[in-house]
Amino acid sequence: MSRSREETIKEMKTKGYDVLVIGGGVTGACIARDAALRGFTCACVDKNDWAFGTSSRSSKMIHGGIRYLEMFDFKLVFEACRERRQLLLNAPHLVYPQPFTFPIYKGDKNGIFMIESGLLLYDMLALFRNVQNHRMYMHDRAMELEDGLDSDRIKAAGVFYDCSTDDARLTLAFALTAIHDGADCANYIEVVSVLRDGDRLAGAHVRDVLSGEEFDIESRVVVNAAGAWGDAVCELDEPDAPQKLQLTKGSHIMVPRGRARTKNALPIVSPTDDRLMFVIPRGHFSLIGTTDTYYHEDLDNPFATREDVEYILEAANHILPRINLDLSDIVSTYSGLRPLAMQEGGEDVAASKVSREHRIYQGRSGLLTIAGGKLTTARSMAEEMVDMVAMKLLKQFHVKAKRPCQTKNRPILHVPELPDTEARVRALAGKLKYDDDILVGLFKQGTEALEVLALVDADPSLGERLDPVIPHIKAQVRFAAESEMARSVDDFLVRRTEIYYTSADQGLGVADEVARIMGGVLGWSAEEGKRQVEAYKETVALSRRYATAS
Ligand SMILES: Cc1cc2nc3c(=O)[nH]c(=O)nc-3n(C[C@H](O)[C@H](O)[C@H](O)COP(=O)(O)OP(=O)(O)OC[C@H]3O[C@@H](n4cnc5c(N)ncnc54)[C@H](O)[C@@H]3O)c2cc1C
């Protein structure tokens, strides 16, 4: 990273920006990057870690959204298919093709012809430039493909492609790219009130969550990309601002792949209310979800309840009748909040039917708020938002963009020059006798994997695995604290890696060692190290609340 957090904060106190972005989820990070590339001075802050909110708690799919075809939302599907392709090209180390099997059962309301027409339409909306076009398989071939399905009920199956990602690392990559492109970005900076120049919004008063220090960030335009906290940020500006968001909660469970083995990602339907969910293979694990229910509770700590978990298990067991999944199979759970734009009809509309389209609102003082949208479409949402910012800067301040939007065909930072980087990482990892599982995590770091391995070169003790079964080495902890803005044990175990989701003990056994290595870089006292580990235990306890709370 070019500049330290302290230097960035010093800059924020004095600089005065064209645009300040509140929120470092995928939406805010993409807006900061786009604004910086157009030549605007830009700051972006998050009160927590990058992707702490919904952007690390999604289904981790980069998808066209096949289910929106049923709602005739062709515009959203077209846009998402286009962005899926761009992400495959611009972030190939973080976005990878994911085949889906779509089973068709005897007696389904949509028969083979309807499903095949839908899959054809899905290919068309991707302009036939998806990873592969769809294919149809009749009963025997469908059962060969997914032998866990109910052979007596199955008639045929379609196979189509979307993509999967690591949502937290993708968001971090956008934030690091924004910094590289000129934005000043700092995590753990909370906006606590707004600054005014007469009636006009002129920036924000913020608190450094790590040091407690408060200061002002002046800015001509302020963008609210605070996701589920969007209404709370609007209220800092206008206490009587009308509510713009409808929040729905989505929970997932992670189980060992062997317990819900599917070849491809597989739709599952709840026998309770016919809602569609998915089993998505992720290496040695299967991610299953998501629920969709209105939410009015603590924004910082949503968790999967017993009811959520049982609903997901019931649907998986219904579609894969021989697996008999139960609570004891669950490795981890998590919940995220969809910051959906308020719809006519409010909560009389079923949560899963609320449109995922984004909307941009302008407050009386000029605050621009973005609501709705998807991980997949964050780049194009950012483009639309920065178009509005540019218009405002030109009209009100006579500040002109130096360039039009640059993000569409531009790779993010650290894209490996395939296959060159991969070969170099493999050669270095081979010398160190690493198993292939270590390579998976290193490849996600793109060209930075070479920097991680350079740390091992300088200090061979950093080449040790964190634990015999956890596929990460100690150098990755050090690198996260030095170069990836990780500031807590949570940051490393939940968002720089997926240890929290996939390790049998959710990383509790390595938390002390992670604290020791991070503390060495960040200057933690022994007490701070202990506090960090205790805080991580609370995060894990939240993931396990389903076992005790309803
Ligand atoms: C269960 C679920 C599954 C999903 N699956 C998919 C999927 O598979 N594919 C897909 O494309 N989309 C998916 N989505 C949608 C996608 O995840 C979201 O649209 C996206 O992550 C929203 O990002 P965001 O940046 O708007 O919000 P967030 O990621 O929540 O970011 C908002 C940030 O604002 C910060 N903040 C709040 N208040 C302040 C303040 N006062 N000062 C400073 N910072 C503040 C928060 O800390 C937070 O980090 C899913 C969503 C859910 C809930």
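The values are calculated or read from the model by the stated rules, or taken from the named source; none is laboratory data. Source: prediction; values computed, not measured. Note that each Cβ is placed from the backbone with ideal geometry, even for glycine, and that neighbours are counted across all protein chains shown. Side chains included, ligands, DNA and RNA excluded: accessible areas come from the protein's heavy atoms. Shrake-Rupley method; radii C 1.70, N 1.55, O 1.52, S 1.80 Å.
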Exercise. Name the residue, out of 59, 55, that is within 10 Å of the ligand (Cβ to nearest atom) and part of a helix (DSSP H, G or I).
Key: 55
Practice problem: Keeping to the range 124-158, report how many residues are over 25 Å from the mean Cα position of the chain (by Cα) and under 26 Å from residue 72 (Cα atoms). | Solution: 12
Quiz item: Which of the following residues is assigned to a helix (DSSP H, G or I) and touching a strand residue (DSSP E or B) at 6+ places or on another chain (Cβ under 8 Å): 88, 121?
Solution: 88
Practice problem: Within the range 342-378, track down each residue that is closer than 15 Å to residue 227 by Cα, crowded, with 21+ Cβ neighbours inside 10 Å and more than 11 Å from the ligand (Cβ to nearest atom). | Solution: 367, 368
Exercise. Would you check which residues across the range 37-56 are open to solvent by 10 Å² or more (accessible area, probe 1.4 Å) and either β-branched (Val, Ile, Thr) or in contact with a Gly (Cβ under 7 Å, 6 or more places away or on another chain) (or both) and list them?
Key: 41, 46, 53, 54, 55
Quiz prompt | Scan of the range 389-399 for residues that are crowded, with 16+ Cβ neighbours inside 10 Å and in a helix (DSSP H, G or I), ordered by number | solution = 389, 390, 392, 393
Quiz item: Looking at residue 164, is it within 11 Å of the ligand (Cβ to nearest atom) and under 29 Å from the mean Cα position of the chain (by Cα)?
Solution: yes
Self-check item: The one condition in (1) crowded, with 24+ Cβ neighbours inside 10 Å; (2) touching a strand residue (DSSP E or B) at 6+ places or on another chain (Cβ under 6 Å) that residue 5 fails to fulfil
Solution: (1)
Quiz item: Restricting the search to the range 124-143, which residues are open to solvent by 40 Å² or more (accessible area, probe 1.4 Å) and either at pLDDT below 95 or part of a loop (DSSP other than H, G, I, E, B) (or both)?
Solution: 127, 128, 129, 131, 132, 133
Practice problem: Report yes if some residue within the range 318-339 is in a loop (DSSP other than H, G, I, E, B), within 15 Å of the ligand (Cβ to nearest atom) and more than 20 Å from residue 498 (Cβ to Cβ); otherwise report no. | Solution: no
Practice problem: Return only the number of the condition from (1) of a type in the set (Phe, Trp, Tyr); (2) open to solvent by less than 10 Å² (accessible area, probe 1.4 Å); (3) farther than 30 Å from residue 306 by Cβ that residue 524 does not satisfy. | Solution: (2)
Self-check item: Hits in the range 231-249 - residues which are under 19 Å from residue 381 (Cβ atoms) and within 8 Å of the ligand (Cβ to nearest atom)
Solution: 233, 248
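Going by the conditions given, is residue 164 open to solvent by 20 Å² or more (accessible area, probe 1.4 Å) and either of a type outside the set (A, V, I, L, M) or within 26 Å of residue 258 (Cβ to Cβ) (or both)?
No: the conditions fail for residue 164.
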Quiz item: Under the condition of being part of a loop (DSSP other than H, G, I, E, B) and more than 11 Å from the ligand (Cβ to nearest atom), which residue from the range 183-213 is surrounded by the most Cβ atoms within 10 Å (Cβ to Cβ)?
Solution: 183
Quiz item: So which residues in the range 250-269 are assigned to a strand (DSSP E or B), buried (at least 21 other Cβ atoms within 10 Å of the Cβ) and more than 16 Å from the ligand (Cβ to nearest atom), if there are any at all?
Solution: 255
Quiz item: When you go through (1) without any contact (Cβ under 8 Å) to a residue 60 or more places away in the chain; (2) open to solvent by less than 20 Å² (accessible area, probe 1.4 Å) one by one for residue 115, which number turns out not to apply?
Solution: (2)
